[in-house]
Structures are given as C-alpha cells and as structure tokens.
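The values are calculated or read from the model by the stated rules, or taken from the named source; none is laboratory data. Given the structure is predicted, the values throughout are model-derived calculations rather than measurements. Please note: Cβ atoms are built from the backbone with ideal geometry, for glycine as well, and neighbour counts cover all protein chains shown.
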C-alpha cells in the first residue's frame, strides 16, 4: 500500500458544495443559483448573501425550479438548482428528462441529503435509486464526490463544464481526506491505493469506508487496489479495465441500490469485455429507515466491516 490516508477533520459534503458554489460565483458572473426552500440545508446562504441578484428562491416547487433553470441556461446563464436528492430526481423526473436531458441544457442539478446516511429523516427522504434514475438519461453527467474537498472541487469544475450535470452529496459529517488544492477532472477515476489482489471501485461516502477496509486487510496480506469512481457517467472504462486486468477480482461499494447503481454499470462493462467475479456493497431492494448515519451504514452492510467480508468472499472466487 503506497498511500496512507488521514482524516483531516470531519465535514459534511453539502458544505463543500456551498463553498464551491460561492467560488464558482466569484469566478463567473453568469453562475446563478436556485433553491427550493432549503437554502440553509444546502449551504447556499453565502452565495445568496454575496450575490442576491443572482439567487432565486423558488419555494417548494421543484418542477418549476427545473423549468426556470432550463430557461436561464438557454439565455446563457449557468444555473445551479439545489434541493434534496429525493425531490430533484423522483419528484421532478419528467422535467429533468424533458427540459434538461432531452434538451441538453446547461443545468447543474445539485442534490443534497442523498442515500441512507440522511439518517433520522427516514425512508421518505432517503432516496437510494437516484443514481440509476439520472445515469439512464442521455446527455446527463453524474458525479458523486467522496468528501468536503472533492465536493468543493467538483462544484467548481461543473461550473466550467458545458452540459447538464447531476451532482450528488450528503448531510452527515464524514472524513475529509483528499487534498484541498485538488483539480477535479470529470470522467477521470482516481487511483487512491495501489494493489494487486482485488479492486474496490467505490463512490461517495464509501470511499473512506473502503480505505479503512483496505488498511485493515493489508495486515492479513491481502493487497487491495482502491479506485474512486467520483464520476459515474461517463464511466472511466480505461481505469476500470486496467485495474481488473491486474487483480481479476472486484468489489463495488456505493450508498445506493444495487439496481441501477455504479456496481451494475461496472459489472455490465466487465461482462462484455473482461468477465470477472464481482461482489456488491449496496442496498439490496429495500427502503431506508430512521437511525444515525453510522447505525444505518452498519444495518445495510455498507460499512468497512462489510466491505472486508465482501473482499474475502470475492478473493476466494478468483
């Protein structure tokens, strides 16, 4: 293992979005922000305070917000539309499909409180099928960063990128371990740890859980390669195939349903080009429930211990 990652302080990824949005607004006067009555929850307060003429409070009317965003994009603006992931995907899928994806408008759909780690708000708010919904839409780029620093960098990067984007992040404070000065490259997977026995493809909050698992498994002589799939669409096919050609065993780790998730996307690629044993760390056809983020990660077998068990299982299938 060539990299030893250190948690430099827990931070929520939604705050990374807020910091990135503010910087993007300072860099580009065409950046505008829209919110569906959740300005504080999405950490859009500082942007709204500094650029009140570029902030639109749409109220609890997400479908209308997506339509307004598309209109702003067609007029040359770079709109960032923010709300909870559940409301920006399931509730407004028709609008996202028709006026964003189909029309290929330059709208940035910025979705907080994604996955099971939303916690105590429970199943009605814990959407775990959003990546599947969004990645199936043509023209739409799907990004799921792992920590505060990467979320900030991703937010700045999508402001400079022309095309519709779904950016996913969360509420809980999680380890912040990637560089503060990083340059985010859309569509370019990051090799976090070099290994030779098994590859973990992880995204979002489960990148850190995978780091913990890899460091623990090193003690027992299992060499893990960890790839951070921060951009789920377009998938970095080259990075996937190069790693799996070496290890010939895969674990996919994501805070999402198995159905429609990153793991199925990678497994589909491997089935066509490089058949390989694959294990999934993901939610298996269940809704969420109330609990703390840590409790729910353990309950749904998304924690580092579950990743270790999956690695041991797939290692025996090689």
Checking residue 52 against (1) in contact (Cβ under 8 Å) with a residue 24 or more places away in the chain; (2) farther than 23 Å from residue 161 by Cβ, the condition it does not meet: (1)
By my count, helices (runs of 4 or more DSSP H) wholly in the range 221-318 with at least 3 residues that are crowded, with 23+ Cβ neighbours inside 10 Å and modelled with pLDDT under 95 are none
Please pick out the residue among 174, 165 that is under 19 Å from residue 117 (Cβ atoms) and within 15 Å of the chain's Cα centre (by Cα). 174
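Which residue out of 120, 129 is closer than 25 Å to residue 295 by Cβ, surrounded by fewer than 24 Cβ atoms within 10 Å (Cβ to Cβ) and either assigned by TED's automatic domain parsing to the domain that holds residue 253 or touching a strand residue (DSSP E or B) at 6+ places or on another chain (Cβ under 7 Å) (or both)?
Working: 120 fails: either assigned by TED's automatic domain parsing to the domain that holds residue 253 or touching a strand residue (DSSP E or B) at 6+ places or on another chain (Cβ under 7 Å) (or both).
Matching residue, one of 120, 129: 129.
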